[in-house]
1. So residue B:248 clears everything in (1) more than 27 Å from residue A:137 (Cα to Cα); (2) outside any loop (DSSP other than H, G, I, E, B); (3) at the interface with chain A (Cβ under 7 Å from one of its Cβ atoms) except one condition, right? Which one?
2. Regarding residue A:266, is this residue more than 10 Å from every other protein chain (Cβ to nearest Cβ) and either in contact (Cβ under 8 Å) with a residue 12 or more places away in the chain or within 16 Å of ligand 2 (Cβ to nearest atom) (or both)?
3. Filter region B:115-147 down to residues that are among the charged types (D, E, K, R) and under 24 Å from residue B:227 (Cβ atoms) and give me whichever is nearest to the other protein chains (Cβ to nearest Cβ).
4. Only one of B:95, B:109, B:150 is in contact with a strand residue (DSSP E or B) (Cβ under 9 Å, 6 or more places away or on another chain) and either within 14 Å of chain A (Cβ to nearest Cβ) or under 22 Å from residue B:196 (Cα atoms) (or both). Can you tell me which?
5. Filter region B:208-219 for residues that are among the hydrophobic types (A, V, I, L, M, F, W, C) and modelled with pLDDT of 95 or more and give the result.
6. Scan the helices (runs of 4 or more DSSP H) fully inside region B:93-200 and keep the ones with 1 or more residues being within 16 Å of ligand 2 (Cβ to nearest atom) and closer than 20 Å to residue B:82 by Cα.
7. Is one or more of the residues making up region A:253-262 at the interface with chain B (Cβ under 10 Å from one of its Cβ atoms) and within 11 Å of ligand 1 (Cβ to nearest atom)?
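The values are calculated or read from the model by the stated rules, or taken from the named source; none is laboratory data. Model, not experiment: these values are computed from the prediction. Cβ coordinates were reconstructed from backbone atoms using ideal geometry, including for glycine residues, and neighbour counts include every protein chain displayed.
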Amino acid sequence: MAKILIVAEHANGKLNPATAKCVTCASQIQGAQIDVAVLADDAGAVATQAAAIQGVKRVLKIENAANKEPLAAVLAPQVAAAAADYTHVFGPSTTFGKDLMPRVAALLGVGQLSDIMAVESAHKFRRPVYAGNAVITVEAPQDKKLVATVRTASFQPAGSGGSGSVESAKVSAELPTHTRFITRSAAATGRPDLQTASRVVSGGRALGSADNFKIIYSLADKLGAAVGASRAAVDAGYAANDLQVGQTGKIIAPELYVAIGISGAIQHLTGIKDARTIVAINKDGEAPIFEVADIGLVGDLFTVLPELEKALG
Amino acid sequence: LQRALSLTVARRRPAALHFHTSLTEPGVSKILVGLKRVVDYNVRVRVQPDGTGVVTDGVKMSINPFDEIALEEALRIKEKGGASEVIVVSIGPADTQQQLRTGLAMGADRAILVQAEGQLEPLAAARVFLKLVEKESPQLVILGKQGIDDDNNQTGQMLAALWNRPQATFASKVELDGAKARVTREVDAGLETIEVDLPAVITSDLRLNEPRYVKLPDIMKAKKKPLDTIAIAGLGVDAGTQFKTTKYEPPAARQKGIMVKDVAGLVAALKQKGLL
Ligand SMILES: Cc1cc2nc3c(=O)[nH]c(=O)nc-3n(C[C@H](O)[C@H](O)[C@H](O)COP(=O)(O)OP(=O)(O)OC[C@H]3O[C@@H](n4cnc5c(N)ncnc54)[C@H](O)[C@@H]3O)c2cc1C
Ligand SMILES: Nc1ncnc2c1ncn2[C@@H]1O[C@H](COP(=O)(O)O)[C@@H](O)[C@H]1O
């Protein structure tokens with residue numbers, strides 16, 4: 001029987017919704033027992049939230065002052081030790097999980113499967129490669145622990161109302177001091193979070209300046225949407241790096257995605273393929289973004305957007 | 001305190017002591033850079049009709065874009081006096097020499113080709129890098145954050161684990177300070193800065209730098225730079241595969257959309273979908 005340990009992602013005492021998406025993925029494995037590990041200096045609040053996810057049996061609190069910040073080099077030996085009784089160890093395919101899980105796998109002497117998008121069985125999964133230009137079916141060995149990351153855009157978060165138990169777990173692992181957290185700068189925007197928002201408005205290079213990019217924010221606010229950007233817009237300094245959508249930015253699956261002045265390079269499209277409805281506004285009718293758009297409008301964004309805002313009231 | 005700290009670390013791990021001493025000697029600090037040969041990022045990759053792979057015949061191959069950035073960073077560190085030698089490493093078939101020559105033309109001092117055919121998983125690549133690390137004792141290994149072919153994003157983290165050294169992944173800024181590095185990382189929440197003791201593994205993100213263009217005279221000069229080839233079998237690492245890919249499929253196609261003429265049309269279409 002599959003026993004799956006999911007590594008919780010959290011910040012400031014809040015569980016990241018990516019964890020509940022990992023639970024959904026894990027629960028698609030027949031008869032799986034699903035536990036969640038919360039590594040923190042004080043895991044209490046997060047553990048309570050994790051225990052309430054439907055389908056979670058046990059929550060392991062792994063508490064240590066060194067776990068205050070999520071440093072992969074510090075967390076990995078503890079996760080590897082906690083993984084002893086499990087057949088599978090899953091983490092989200094976020095920067096947290098991508099940083100941590102391969103280190104866990106290597107400590108366990110096994111490979112890692114990245115970005116599970118579909119479960120076929122306990123040892124057979126599907127995942128995207130080549131920026132989503134191909135989807136492969138991969139079989140993992142039955143006789144080895146499977147360490148994997150879960151592509152969060154492919155799974156809905158598991159519901160709440162569960163009643164898992166919460167326990168303190170002691171793991172014996174030597175923790176390195178060679179890696180130290182200094183600071184994290186997160187723009188507090190007061191807007192919906194890009195990764196979980198149901199609506200996203202993104203701007204591209206066409207915006208031309210950080211100042212012009214404000215019209216993206218303004219439209220997003222009208223729609224109650226999060227703001228995203230293409231790599232070109234981020235590189236040019238029009239938008240912050242954490243707004244980048246795509247192969248090397250965030251992979252998102254909103255109900256509505258509005259791409260404004262974005263050409264639709266394959267690296268960008270891979271980040272929005274799972275959006276329910278894609279709207280594209282671009283002055284070039286031949287732009288590849290129109291190949292994936294559900295609703296396309298050819299026009300100059302600097303005239304279209306003010307009109308659109310007006311129409312939205 | 002710093003001194004005491006590094007001493008305790010050193011006592012626990014003899015290997016670390018060795019690296020710390022080697023760092024104090026000028027002229028011996030090396031940077032190892034991984035260059036993976038991948039299908040060029042401009043190519044629209046297609047799945048073979050029989051589902052056994054993607055079409056690679058006659059397709060342009062290049063250095064993985066993240067690895068060019070990794071190499072550029074290594075070269076800049078060297079140019080600022082932070083390293084004495086930049087070594088580019090690739091694991092792949094004989095043709096991979098082309099990418100290594102490009103790396104040499106960009107400015108690397110020498111190249112190592114670990115010749116290997118067929119599928120190579122990140123854990124195997126990390127094991128190969130560990131062998132070379134043991135041989136070369138670099139102060140830094142800079143890899144790309146991910147290969148744009150398999151999109152794995154694993155090798156650097158695995159190498160750091162096997163080597164028992166720090167990892168600073170998704171780097172957008174690297175500042176060396178003696179036996180330490182301060183690295184700014186692109187994380188989902190924004191930017192995170194960590195400090196790591198050297199030696200360490202860094203993986204590059206897109207905004208770390210903009211790689212230089214190769215000039216013709218450099219290409220000529222690169223032909224004379226050393227490129228050693230070693231067979232993967234000779235390294236004594238377990239390079240076997242653990243995962244089996246049984247099928248390649250094209251991604252699910254999206255339904256064809258509609259074009260609207262103006263803002264009124266757009267608003268109407270959004271209303272029809274229940275989005276307004
Ligand atoms: C390894 C690698 C990884 C990458 N990862 C990502 C990633 O994660 N995310 C990402 O986005 N990109 C990524 N890229 C970059 C990608 O290839 C493209 O370069 C980028 O997406 C282009 O951004 P853009 O569409 O804003 O700019 P452009 O391609 O320059 O497109 C601008 C568009 O705006 C339109 N336009 C211009 N003026 C107007 C106007 N007034 N009104 C309306 N439309 C107008 C133009 O017709 C054009 O279509 C990656 C590239 C590489 C090599
Ligand atoms: N076969 C290889 N040859 C050289 N470098 C590699 C190889 N495989 C992986 N790497 C390095 O590891 C990084 C991450 O690769 P991956 O884990 O496959 O996404 C790449 O950007 C390279 O720097």
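1. (1)
2. Working: more than 10 Å from every other protein chain (Cβ to nearest Cβ): no; either in contact (Cβ under 8 Å) with a residue 12 or more places away in the chain or within 16 Å of ligand 2 (Cβ to nearest atom) (or both): yes.
Against the criterion (more than 10 Å from every other protein chain (Cβ to nearest Cβ) and either in contact (Cβ under 8 Å) with a residue 12 or more places away in the chain or within 16 Å of ligand 2 (Cβ to nearest atom) (or both)), residue A:266 does not qualify.
3. At the first step, the residues of region B:115-147 found to be among the charged types (D, E, K, R) are B:117, B:121, B:127, B:131, B:134-136, B:145.
With under 24 Å from residue B:227 (Cβ atoms) added as a condition, the list becomes B:117, B:127, B:131, B:134-136.
Details: B:117: 19, B:127: 9, B:131: 14, B:134: 16, B:135: 20, B:136: 20 Å.
Top of the filtered list is B:127.
4. Working: B:95 fails: either within 14 Å of chain A (Cβ to nearest Cβ) or under 22 Å from residue B:196 (Cα atoms) (or both); B:109 fails: either within 14 Å of chain A (Cβ to nearest Cβ) or under 22 Å from residue B:196 (Cα atoms) (or both).
Answer to the selection: B:150.
5. Here is the first cut: in region B:208-219, the residues among the hydrophobic types (A, V, I, L, M, F, W, C) are B:208, B:214, B:216, B:219.
Once the filter is applied, which keeps residues that are among the hydrophobic types (A, V, I, L, M, F, W, C) and modelled with pLDDT of 95 or more, region B:208-219 yields only B:208.
6. Details: elements: B:97-106, B:122-136, B:155-163.
Per the criteria, B:97-106, B:122-136.
7. In the first step, residues of region A:253-262 are kept if they are at the interface with chain B (Cβ under 10 Å from one of its Cβ atoms); the result is A:255-256, A:258.
Next, only the ones that are within 11 Å of ligand 1 (Cβ to nearest atom) stay: none.
Taking every residue of region A:253-262 in turn, none turns out to be at the interface with chain B (Cβ under 10 Å from one of its Cβ atoms) and within 11 Å of ligand 1 (Cβ to nearest atom).
So that you can scan it fast, the table gives a plain yes or no per residue for (1) over 30 Å from residue A:306 (Cβ atoms); (2) of a type in the set (S, T, N, Q); (3) in contact with a Pro (Cβ under 6 Å, 6 or more places away or on another chain); (4) within 7 Å of another protein chain (Cβ to nearest Cβ):
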{"position": "B:193", "(1), (2), (3), (4)": "yes, yes, no, yes"}
{"position": "B:213", "(1), (2), (3), (4)": "yes, no, no, no"}
{"position": "B:222", "(1), (2), (3), (4)": "yes, no, no, no"}
{"position": "B:227", "(1), (2), (3), (4)": "yes, no, no, no"}
{"position": "B:240", "(1), (2), (3), (4)": "yes, no, no, no"}
{"position": "B:253", "(1), (2), (3), (4)": "yes, no, no, no"}
{"position": "B:256", "(1), (2), (3), (4)": "no, no, no, no"}
